[in-house]
Amino acid sequence: MGRRSKEAEKPIFNRLPVLRAERHLSRQQLAEAIGVNYQTIGYLERGDYSPSLDLAFRLAEFFDLPIEAIFAREPFTPTSRQTSTPEEAQ
Amino acid sequence: MSTMAAPTPATAPHERPEVTWRDAATPLSRASRRRWTGCYVVLLMLLAAGIVDDALAVSGDGDGDGDGDIPLIMFIAVPVVFGMLRRGTRRITALDHPELDERDIHARTSAYRIAFPLLALVVLAGLGLLAAFGLEESKRSTRIDAQTTLTEAIFVIHPWALIGLGLWIALWAAFLPTGTLAWREPDALELELTADGGGLGEAIRDAVLGVALAAGLAISLLAEMDAAALLFVAALALVGALGRRAAGQPAMSRQRKWRVAIGLTLLMAFVAIAIVSSSGGG
């Protein structure tokens, strides 16, 4: 099995902006807590950079959530749709 | 599970750092960095043209006729443009390992990896230039004659040509990793980007600096005067002054406005006097 090209790699989606907003954290504060540059937080949020497993675990520990609650292969369902009832959705 | 508790909500906004003309001139968007990367390559090619022309010496032939001399503006523009790119990439290639996080290290590694074969091309191109243009200079020396072949002549090349080639390759070696980063790094984050205000946009700033640089080079080459370099410096100062407003600086006090206005007036007067005196003397 050959290596996948960079373009063929599937994107990794994340909920970092939502989680950061819920906790009223700036990028700088989150970056200092995780031990990265604040630009890296921004690039993660924008999807310009996919984190290493180590960084993903550090983020998961910081937010006290499993990794799959922060990162996913498919786009996350918006919170507004998650909280609406089936009747409202119709 | 968690060993790191979430900190308390932010209470105070981050203070913006003091913004200088260097910050204001630093390209933050990838598009702007790509423009200046191209500009730097052109500057280096012009530098090579200046080196291979006439006496094959960086300092020119010293006879004062301007032939083969490299305008002073080149020696100002090369570090300025390189410094802009360096700051635009947060000097990732220059920082020590502990100051870089995993993304920075990955970016730096890939930049060096891409820069290496490019440098090999530059070295080969430099050797080709040396063989092509250095031969003429070598023929002027008494050691070889017109029957000397190119292969033979390259071994008796003028020492100045070798020094010039070494300097040229060293400039490329320093620039290529930073240039690769400047070309590949994504746009800077919103926090770094200038807030919307009354200042110049990045495209306009690039245009102002680019026009000043091109005009300075053209004037230097045509009129053989180095006062054109001051035009470029004046444009940098102007972009810096306007960029400070765009960077979200608090409004200047009346006293400070006067100081800035007097400084700019003096600078422009200095440029005008230098131009007039150069044109009168030449």
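Some notes on this structure:
- Counting Cβ atoms of other protein chains within 10 Å of each residue's Cβ and taking the mean over peptide A:26-38 gives 4.
- For the chain pair B and A, buried accessible area totals roughly 2300 Å², probe 1.4 Å, rounded to the nearest 100.
- The value given for the stretch A:13-68 is a Kirkwood hydrodynamic radius of 11.1 Å, derived from the mean inverse Cα-Cα separation.
- For the residues of B:177-186, the average number of beta carbons from a partner chain within 10 Å of their own beta carbon is 1.
The values are calculated or read from the model by the stated rules, or taken from the named source; none is laboratory data. Model, not experiment: these values are computed from the prediction. Cβ coordinates were reconstructed from backbone atoms using ideal geometry, including for glycine residues, and neighbour counts include every protein chain displayed. For accessibility, only protein heavy atoms count, side chains too; no ligands or nucleic acids. Shrake-Rupley method; radii C 1.70, N 1.55, O 1.52, S 1.80 Å.
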